[in-house]
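Below is one structure, written out as structure tokens; the observations come after it.
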Amino acid sequence: MCGIVGYIGELDAKEILVKGLEKLEYRGYDSAGIALGNEVGLTVVKEKGRVADLRSAVDWTIHSTTGIGHTRWATHGVPNQTNAHPHQSTSNRFSLVHNGVIENYQQLQKEHLHDVQMNSDTDTEVIVQLVEKFTKGGMKTEIAFRHTLSLLQGSYAIAMLDADETDVIFIAKNKSPLLVGIGEHFNVVASDAMAMLQVTDQYVELHDKEVVILRKEAIEISTLDGVIIERTPYTAELDMSDIEKGTYPHFMLKEIEEQSGVVRKIIQKYEDEHGELTIDTDVLTAINEADRLYIIAAGTSYHAGLIGKHYFEKIAGIPVEVHISSEFGYNMPLLSDKPLFIFITQSGETADSRQVLVKIKALGYPSVTITNSPGSTLSREADHTLLLHAGPEIAVASTKAYTAQVAVLAIVAYVAAKERGETVVIDLKRELAIAANAIQTLVDSKAEMKQIAHEFLAVSRNAFLIGRNLDYYVSLEGALKVKEISYIQAEGFAGGELKHGTIALIEEGTPVFALVTQKTVSLNIRGNVKEVVARGANPCIISMEGLEEEGDCLVLPKVHALLTPLAAVIPMQLISYYAALYRGCDVDKPRNLAKSVTVE
Ligand code: F6R
């Protein structure tokens, strides 16, 4: 959600900044802009729309070796050129980019800036105007910057240029991710290492309430009150090929196709030297000491959490509650005596989940983050981390992170069950390998999903997905995929629940996808299909080998009953993908969305 880049060095900054923004664009794509500094002062270019629009607007003749850039997902103020970052102070001396939300911006405006004409509707402009105000009052820029930061409430990652001092980038971070990258005769700043991987793989993480004075040859990190901090850099373990589309038309298709490999990699990563599945012993101890697990997550990760509950309860006999993070923090249920909180998050930066982590930490409860992003905020701040090893997920719609979450949750539940001496009936390693093969088979038959998308969703106004037991959870995830990238109103339902109201929405031709992978309820769900067919629905039954009947749309290769979500979600991802293509939607960057939701 919003991306920041900055460069200070010897090379021309423009191309590095614009390329960096292109890498970050999946995080926000309402508008984009850069500010370039040289001996003449600052030049700001910003455009509504995509980074490609910015690229066309940039004057490529300007020479500058210092600059900052931003790609935006609007929070305060509509997406237009005026509200795009960088924001400038009235005299144009300062230019600033910001991720996050300043909660007290109206109050600050009233108290300090009543005589300043604001140009935009954003909370961000207040920051840059405050810096100018304080410098006009006699403070040096760094002091004014620090003083401004001390007044801000909320979240921020900030990079700022001063036209009178273009050999410095002023940087600050609180609750929004930001990193400093180190090079030879240059340094960079970015909200995600992948933006600047083009120039360096050496990064220093920043912590909340830290300030950085970044120069070509020096990085000075300090606390808000000026205490200098030394921190060792780390090597970003990202491969350029991980963040490029290669020959794929879309990241989403690439990521869907990577899923069998991801499951295999997870098996490998969670194996000990004897080939047995294992997890960090501290996590195991934390699980075994808890009387109840609380899974906290949002969106797709929440859907994976529902499956995780099934695994912990059915495989390991551990009671679990699953909660939507944005609800939990503000409406906390009665907790058990010894809860353990498990945060599931692809990005590790979701603000809704983080606010829960902050609250439960304050209450003294232990936590584990299951994430795809090592070094992310939720990973750093939880007591323990388990990684998904899915590789960077760039498409806004989550696919491979979901299958990775399901696979890792299965492993954690399985290892915990063994540790607790439960009778475990599944050979998980073997069954995960079978599931990986099933995923591959499904991906290889994507032409069938394309055909189904054409037949059922190319022109539909709405769609329903139904399932029972684990299939119900997959139908929630499948419906989310359909909604977010093809904009069809799609709802996932427990098959038996539809008749309690929602069946009123079934009309002649309404597409209903029914998942039939659970033997114990296969007759029940087929009964539910008959109910909707009797009311005119156009059914597409996706069943599992062994449970198929004549007339089913698609038969999934057989996988273990506990792992059916790994197979059943694949056709729904592919059907959504092709439906979006048929409807002319921007698959990787759906409207109104952004990857990594860093505001509450
Ligand atoms: C949907 C999707 C979102 C995320 C949600 C949580 O495809 O990607 O629903 O799952 O925003 O994000 P993370 O997992 O990063 O916490």
Practice problem: Could you give the C-alpha radius of gyration of segment 152-249 expressed as a fraction of 2.2 N^0.38 Å, taking N as the number of residues it contains? | Solution: 1.16
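Nearest 0.05, what FRET efficiency do residue 321 and residue 459 give at R0 = 51 Å with Cβ-Cβ as r?
0.80
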Quiz item: Given the convex hull of the Cα atoms of segment 2-236, what is a quarter of its surface area in nm²?
Solution: 11.0
Self-check item: Viscosity 1.567 mPa s, 4 °C: Kirkwood-radius Stokes-Einstein D of the chain over Cα pairs, µm²/s
Solution: 51
Exercise. Treat each spin label as a single point 7 Å out from the Cα along the C-beta direction, and report the residue 184 to residue 115 distance in nm.
Key: 5.2
Self-check item: Solvent-accessible surface (1.4 angstrom probe) belonging to residue 328, in square angstrom, nearest 10
Solution: 0
Quiz item: What spacing in nm lies between the two simple spin-label points modelled at residue 519 and residue 218, each 7 Å away from Cα in the Cβ direction?
Solution: 7.2
Exercise. Give the distance, in whole Å, between the Cα centre of segment 73-132 and the Cα centre of segment 243-311.
Key: 40
Self-check item: Ordering of 275-282, 208-215 by packing [mean C-beta count within 10 Å, highest first]
Solution: 208-215, 275-282
Exercise. Of the listed pairs 245/595; 314/519; 14/133; 254/481, which have alpha-carbon separations greater than 26 Å here?
Key: 14/133
Exercise. Note the per residue figure in Å³ for the convex hull of the C-alpha positions in segment 33-83.
Key: 78
Exercise. Please work out the average accessible area per residue across the chain, using the 1.4 Å probe convention, and give it in Å².
Key: 38
Quiz item: Efficiency by 1/(1 + (r/R0)^6): what FRET value for residue 335 and residue 228, r their Cβ-Cβ distance, R0 = 60 Å, to the nearest 0.05?
Solution: 0.90
Quiz item: Which cross-chain or sequence-distant (5 or more) residues have an amide H under 5 Å from the amide H of residue 49, H modelled 1.01 Å from N in plane?
Solution: 31, 32
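How many percent of the accessible area of the chain is carbon or sulfur, using a 1.4 Å probe?
Answer for the chain is 48 percent, counting heavy atoms of protein chains only.
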Exercise. Averaging sequence separations of C-alpha pairs under 8 Å and six or more residues apart, then dividing by the length of the chain, give the relative contact order as a whole percent.
Key: 12
Quiz item: If the cut-off is 18 Å between C-alpha atoms, which aspartates and glutamates fall inside it for residue 175, apart from same-chain ones fewer than 8 positions away?
Solution: 103, 123, 192, 205, 208, 210, 225, 349, 352, 381, 383, 600
Quiz item: Arranged from highest to lowest average of other beta-carbon atoms within 10 Å per residue, in what order do the peptides 156-164, 555-563, 537-545, 570-578 appear?
Solution: 570-578, 156-164, 537-545, 555-563
Quiz item: For segment 1-127, what's the radius of gyration and Dmax over Cα atoms, in angstrom?
Solution: 14.1, 41
Practice problem: Please work out the Cα center distance from segment 558-600 to segment 465-479, rounded to the nearest Å. | Solution: 13
Self-check item: Inverse of mean 1/r across different Cα pairs in segment 194-324, Kirkwood, Å
Solution: 19.5
Practice problem: Return the sequence-ordered ³J(HN,Hα) values of segment 326-341 in whole Hz as given by the Karplus equation 6.51 cos²θ - 1.76 cosθ + 1.60 applied to θ = phi - 60°, using x for Gly and Pro. | Solution: 5, 8, 4, x, 10, 8, 5, x, 5, 9, 6, 5, 10, x, 10, 9
Exercise. Give me the distance between the Cα centres of segment 392-412 and segment 317-376, rounded to whole Å.
Key: 18
Exercise. Starting from the residue with the highest accessible area, list 250, 500, 454 in decreasing order, probe 1.4 Å.
Key: 500, 454, 250
Self-check item: Farthest positive-ward along the chain dipole, Cα basis, beta-carbon charges - from 64, 556, 141
Solution: 556
Quiz item: Summing +1 for each Lys or Arg and -1 for each Asp or Glu, what net charge is found among the other residues whose Cβ lies under 13 Å from the Cβ of residue 292?
Solution: -3
Practice problem: Determine the gain in length on full extension of the stretch residue 140-residue 285; use 0.36 nm per residue of separation and subtract their C-alpha separation, reporting nm with one decimal. | Solution: 47.0 nm
Practice problem: Provide, as a two-decimal number, the C-alpha radius of gyration of segment 445-584 over 2.2 N^0.38 Å, N being how many residues it has. | Solution: 0.93
Exercise. Would you compute, from DSSP H runs of 4+ residues alone, the mean residue ellipticity of the chain at 222 nm, taking -39500 (n - 2.57) per run and dividing by the full residue count, rounded to the nearest 500?
Key: -11000 deg cm²/dmol
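For a protection proxy built on the mean count of beta-carbon atoms within 10 angstrom, sort 489-499, 252-262 highest first, please.
Numbers: 489-499: 19.7, 252-262: 22.9.
Most protected by this proxy first, the peptides run 252-262, 489-499.
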Quiz item: Given +1 on the Cβ of Lys and Arg, -1 on the Cβ of Asp and Glu, and no further charges, what dipole in debye does the chain carry about its Cα centre, rounded to the nearest 20?
Solution: 1060
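The values are calculated or read from the model by the stated rules, or taken from the named source; none is laboratory data. If you're wondering where the values come from, they're calculated on a predicted model, not measured in any experiment. Quick reminder, even Gly has a Cβ in these numbers, built from the backbone with ideal geometry, and neighbours come from all protein chains shown. Surface areas here come from the heavy atoms of the whole protein model, side chains and all, with no ligands, DNA or RNA. Shrake-Rupley method; radii C 1.70, N 1.55, O 1.52, S 1.80 Å.
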